[in-house]
Amino acid sequence: MNGKKKTGKIYYRQGRYQEAETNFTRALEIRESVFSTYHPDISQTLHSLAYLYTTLGNYQQAEEYYIQALDIMESLFGARPHLEVALCK
């Protein structure tokens, strides 16, 4: 299940953003079909997509994914300080 996300990260580092987007999107689809809506793996994949869209200058889409990722982490860990929540901020 991590294969698509890891492949997406490799493509991202190579500057192959279209392939990265395809892999991150597929990873998100797989994770959403396996896990509940509020799962850290879904948040992490959303964060990866948001980071990619920030790089591409698609700030509106990036913001939507960052907000979704943060909402998931805050729902899991609450308002208390937590590394995973901080990484989404």
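The values are calculated or read from the model by the stated rules, or taken from the named source; none is laboratory data. Only a predicted model underlies this, so the values are computations on that prediction, with no experimental measurement involved. Neighbour counts run over all protein chains shown; Cβ positions are idealised from the backbone, glycine included.
In the stretch 30-53, what residues are loosely packed, with under 14 Cβ neighbours inside 10 Å and in contact with a helix residue (DSSP H, G or I) (Cβ under 9 Å, 6 or more places away or on another chain)?
Step one: list which residues in the stretch 30-53 are loosely packed, with under 14 Cβ neighbours inside 10 Å, which gives 33-38.
Those that are loosely packed, with under 14 Cβ neighbours inside 10 Å and in contact with a helix residue (DSSP H, G or I) (Cβ under 9 Å, 6 or more places away or on another chain): V34, F35, S36, T37, Y38.
Being among the small types (G, A, S) and either over 12 Å from the mean Cα position of the chain (by Cα) or modelled with pLDDT under 95 (or both) is true for just one of A50, A62, A86. Which residue is that? Talk me through it step by step, then tell me what you get.
Numbers: A50 fails: either over 12 Å from the mean Cα position of the chain (by Cα) or modelled with pLDDT under 95 (or both); A62 fails: either over 12 Å from the mean Cα position of the chain (by Cα) or modelled with pLDDT under 95 (or both).
Criteria check complete, one pass: A86.
It is to be established whether one or more residues within the stretch 67-75 are modelled with pLDDT under 95, under 19 Å from N2 (Cβ atoms), charged (D, E, K, R) and assigned to a helix (DSSP H, G or I).
There is no residue in the stretch 67-75 that is modelled with pLDDT under 95, under 19 Å from N2 (Cβ atoms), charged (D, E, K, R) and assigned to a helix (DSSP H, G or I).
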